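Note sheet for the following structure.
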């Protein structure tokens with residue numbers, strides 16, 4: 001199982017939940033320091049998945065260490081806040097590169113090796129259901145990911161590979177405190193990452209293909 005974004009707030013919770021369920025993990029992060037802090041067992045790869053060759057390397061690492069790859073979970077993401085006319089073009093490009101293109105490139109790299117019964121999990125989030133002012137570009141990057149997942153699911157069905165799009169509400173991952181631009185508005189207290197991780201893992205085990213925001217109600 002390949003877990004991208006393993007050192008993020010949700011990635012850590014997913015890693016712990018998957019480990020507790022007996023998964024053999026390949027943990028990927030672009031931060032060597034943060035990756036070294038993880039206590040989970042598994043193969044590790046320091047890669048910046050915003051590059052297509054890094055996505056290919058992540059998949060190859062998982063196959064090399066475990067002999068196969070059956071599930072890819074992408075927990076990579078960035079956020080930016082502010083009106084569109086105040087966001088730089090560089091910020092908009094980074095939002096779409098990380099939140100949209102990266103999952104597409106990772107799926108493209110993984111599909112040739114995923115077996116029948118395999119799965120790809122992407123986390124688009126509640127913002128993909130209802131976009132918000134001050135988050136328009138971020139929301140658009142996540143809505144694009146959801147749209148990709150919907151079409152990819154139909155393509156991958158021919159291989160008997162499942163695509164699960166997860167849209168959890170605001171979660172206390174710390175992402176909102178590390179925007180690539182702007183300042184986070186005041187938000188209500190979010191869900192615990194451990195709860196979100198459990199819902200995603202349960203859905204993965206049950207063979208589900210869609211996790212709307214309502215599925216994460218505590």
1, 92, 135, 187 arranged by Cβ crowding within 10 Å, fewest neighbours leading:
187, 92, 135, 1
Selected from 177, 149, 90 as most flexible by GNM, with the chain as the system and alpha-carbon contacts under 10 Å:
90
Paramagnetic reach from residue 20 (point 7 Å along Cα→Cβ, amide N under 17 Å) across segment 179-218:
191-206, 218
Computed label-point distance, nm, for sites residue 63 and residue 187 using a 7 Å Cα→Cβ extension:
3.6
Who wins for biggest fluctuation among 144, 62, 110 in a Gaussian network model of the chain, springs between alpha carbons below 10 Å?
144
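With each run of n ≥ 4 DSSP H residues scored as -39500 (n - 2.57), what mean residue ellipticity at 222 nm is computed for the chain after dividing by its residue count and rounding to the nearest 500 deg cm²/dmol?
That calculation yields -12000 deg cm²/dmol at 222 nm.
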Determine the gain in length on full extension of the stretch residue 150-residue 97; use 0.36 nm per residue of separation and subtract their C-alpha separation, reporting nm with one decimal.
17.2 nm
Counting pairs of alpha carbon atoms under 8 Å apart in space and at least six apart in sequence, what relative contact order in percent does the chain give?
22
Set the Förster distance to 25 Å, then compute FRET efficiency between residue 170 and residue 53 from the Cβ-Cβ distance, nearest 0.05.
0.15
Connecting C-alpha atoms closer than 10 Å in a GNM of the chain, tell me which of 28, 78, 130 has the biggest fluctuation.
130
In degrees, nearest ten, helix 9-20 long axis to first principal axis of the chain (Cα):
20
Using alpha carbons only, how many degrees (0 to 90, rounded to 10) separate the axis of helix 193-206 from the longest principal axis of the chain?
50
For segment 116-216, the Cα convex hull volume per residue in Å³ comes to 99
Angle, helix 52-66 long axis vs. longest principal axis of the chain, Cα atoms, 0 to 90°, nearest 10?
40
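Here, each number is a calculation from the coordinates, and none is a lab measurement. None of the values given here were measured: they were computed from a predicted structure. Methodologically, a virtual Cβ is constructed for each residue, glycine included, from the backbone with ideal geometry; neighbour enumeration extends over all protein chains shown.
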